[in-house]
Amino acid sequence: MPRSTQEIIDQADALARRFEDHVPDIDNTKSADSLMGVRQAFLSRADSERVLMDAVASARIDGQSWSAIGTMLGTSGEAARQRYGTPVARA
C-alpha cells in the first residue's frame, strides 16, 4: 500500500503523542521483585558451580578417580569427567 511522506509523518506524530500522553496504570504495574529473585538465584547458582568446580579440581589433584567424584555428584564417573574435566587440546 503506497503511502505519502506526509502520511508517514502524520502517523509518526500521532504515535509520538500517544506515547507522550500515556499514563501508566499504577495498580496494574508489575513489580521487578520477582525478577530480582530470579537474578539472585542465578548468581547463587553460579557461585555454587564455581565452588563445586574448585572442589572437583582439588579432588583430582588429590588423586581421586572420576568414578569416586561421580559417586559424590550422584552421576557416573564419565559424566563427571565430561562436565568437570579439562578439555584436551586438539592438534
Label of the coordinate-derived value, volume of the Cα convex hull per residue in Å³, listed as (i) 93; (ii) 121; (iii) 288: (iii)
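Run lengths n ≥ 4 of DSSP H only: what is the helix-derived mean residue ellipticity at 222 nm for the chain, with -39500 (n - 2.57) per run over all residues, to the nearest 500?
Details: 4 runs with 62 residues, N = 91.
My calculation for the chain gives -22500 deg cm²/dmol from helical runs alone.
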Sparse-neighbour loop sites [trypsin sites (Lys or Arg not before Pro); segment 1-40; at most 14 other C-beta within 10 Å; DSSP]: R3, K30
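None of the figures in this text is laboratory data; all of them are computed from the coordinates on show. Note that the structure is predicted; figures quoted are calculated from it, not measured. Glycine also receives a Cβ, built like all others from the backbone with ideal geometry; neighbour counts cover every protein chain displayed.
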